[in-house]
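The values are calculated or read from the model by the stated rules, or taken from the named source; none is laboratory data. Quick caveat: nothing in here was measured; it's all calculated off a predicted structure. Cβ coordinates were reconstructed from backbone atoms using ideal geometry, including for glycine residues, and neighbour counts include every protein chain displayed.
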Amino acid sequence: MPAPLDDVIVLDLTHVLAGPYCSMTLSDLGATVIKVERPGTGDDTRAFLPFKDGKSAYFAAINHGKKSVALDLKSEEDRAVFDRLLARADVLLENFRPGVMERLGYGWETLHAKHPGLIYGAVSGFGHTGPDAKRPAYDMVVQARGGVMSITGEKDREPVRVGASIGDIVAGMYLTQGVLAALYDRKTTGQGRKVDVAMLDSQLAIIEHAVAMTSVTGTPPGPSGARHPSVTPFETFHASDGMFVIAAGNDVLFERLCICLQLPLADDPRFATNPARCENARLLKRLIEAVTLDNTCAHWIARLTAAGIPTSPIQNVAQVLKDPQILARNMVVDVLDRNGRHAYTAAGNPIKMSGLEDRTTRPPAPDLDGNRGEILRWLGEK
């Protein structure tokens with residue numbers, strides 16, 4: 001069966017992470033992605049560590065399977081090529097600061113008038129409206145301003161950035177959703193839409209519990225370490241040889257946990273309900289750890305799993321890449337080189353869909369301008 005987006009052409013002007021993450025997802029779903037890069041240097045991430053054989057593994061992990069053409073949009077000759085690409089494209093993605101595309105003559109209003117079916121996807125730090133629309137931003141800036149850093153880390157310690165670049169990645173995911181919705185809408189209306197996603201907006205959208213707590217209590221929550229601020233017990237616990245996670249997210253699971261640990265706490269009024277457990281979370285943690293410290297992480301994980309209680313070891317990335325469940329879901333894939341050999345390791349496609357081939361390999365990441373000849377032939381150039 002064909003992939004869902006086999007007939008979709010994406011013209012991708014984005015660079016670094018948020019936009020390329022969106023185009024990577026669209027590519028995994030079957031779209032043809034033509035990456036338009038700056039002549040000479042290309043995407044900034046071509047210079048990001050780590051390197052293998054002189055090429056960036058970071059770039060390869062996000063840009064595998066795409067095609068690359070280098071175009072200077074201030075050059076009349078290159079603009080002519082770009083105009084021909086626009087005439088064939090279904091989606092245009094860009095992550096410049098607002099106003100840049102307009103100055104180049106390729107803003108939404110201009111493109112929509114010339115290509116009414118074209119979907120225009122834009123991702124930027126602060127969006128295309130509002131007083132700060134033209135300010136620059138990176139992942140850490142929006143994590144800080146969007147409230148995420150204020151609830152991340154240990155209590156009474158300095159704020160910390162989330163280890164993954166969620167400022168970029170979440171915005172890229174929302175841009176993907178918007179583009180897919182616009183493609184669906186176009187089937188009925190025949191019209192393209194502009195999709196405007198801000199990294200800052202996306203951070204607020206993912207701190208749902210913090211927004212609810214602040215709006216109800218008037219007091220913004222602070223960091224709570226590994227503990228969930230609204231559910232208890234739902235955090236890390238010490239065993240004799242390290243730490244592991246217990247997530248007993250309701251009263252039934254808490255009762256099972258008490259039976260498993262032989263702790264007569266399920267009917268104790270201090271712990272009988274989730275609000276009571278949250279109020280007495282520190283005391284409950286000490287009581288649980290008085291038991292779990294007597295044996296190993298592996299012992300408790302096996303015992304709790306057998307009882308149907310959500311639990312997990314705390315794995316580093318090397319362990320995750322060897323996790324049997326991860327491997328069974330084809331979430332570790334090989335990015336190939338030009339000769340069909342393994343070059344890099346990347347995360348697989350988390351979207352598993354009937355009829356969509358879940359390949360164990362990915363085509364190579366493109367060399368800068370490496371597909372110019374192919375693209376010009378496709379456009380009908382000599």
Original post:
Within segment 311-322, is there a residue that is outside the structural domain of residue 164 (by TED's automatic domain parsing) and buried (at least 17 other Cβ atoms within 10 Å of the Cβ)?
Top reply: yes
**OP:** Answer with yes or no whether residue 367 is surrounded by fewer than 16 Cβ atoms within 10 Å (Cβ to Cβ), under 30 Å from residue 82 (Cα atoms) and modelled with pLDDT of 95 or more.
**Re:** yes
Original post:
Which of the residues spanning segment 133-146 are in contact (Cβ under 8 Å) with a residue 24 or more places away in the chain and either of a type outside the set (Lys, Arg) or within 20 Å of residue 182 (Cα to Cα) (or both)?
Top reply: 133, 136, 137, 138, 139, 140, 141, 142, 143, 146
**OP:** Have a look at 73, 17 and point out the one that is out of contact with any strand residue (DSSP E or B) (no Cβ under 7 Å at 6 or more places or on another chain), closer than 26 Å to residue 183 by Cβ and surrounded by 23 or more Cβ atoms within 10 Å (Cβ to Cβ).
**Re:** 17
Original post:
What is the number of the single condition among (1) loosely packed, with under 14 Cβ neighbours inside 10 Å; (2) part of a loop (DSSP other than H, G, I, E, B); (3) without any contact (Cβ under 8 Å) to a residue 60 or more places away in the chain; (4) of a type outside the set (Gly, Ala, Ser) that residue 357 does not meet?
Top reply: (3)
Original post:
Which residue out of 92, 73 is at pLDDT 95 or above, of a type in the set (A, V, I, L, M, F, W, C) and part of a loop (DSSP other than H, G, I, E, B)?
Top reply: 73
Original post:
How many residues does segment 144-201 contain that are assigned to a helix (DSSP H, G or I) and not hydroxyl-bearing (Ser, Thr, Tyr)?
Top reply: 26
Original post:
Would you call residue 118 surrounded by 21 or more Cβ atoms within 10 Å (Cβ to Cβ), within 27 Å of residue 227 (Cβ to Cβ), touching a residue at least 24 places away in the same chain (Cβ under 8 Å) and not acidic (Asp, Glu)?
Top reply: no
Subject >> Hits in segment 202-224 (condition: within 14 Å of residue 149 (Cβ to Cβ) and either under 25 Å from the mean Cα position of the chain (by Cα) or part of a helix (DSSP H, G or I) (or both)) >> reply: 203, 204, 206, 207, 210, 221, 222, 223, 224
Original post:
Any idea which residue in segment 246-297 is surrounded by the most Cβ atoms within 10 Å (Cβ to Cβ), counting only those that are farther than 12 Å from residue 233 by Cβ and in contact with a strand residue (DSSP E or B) (Cβ under 8 Å, 6 or more places away or on another chain)?
Top reply: 297
Original post:
With respect to residue 65, is the statement that it is within 19 Å of residue 350 (Cβ to Cβ), assigned by TED's automatic domain parsing to the domain that holds residue 336 and in a loop (DSSP other than H, G, I, E, B) true?
Top reply: yes
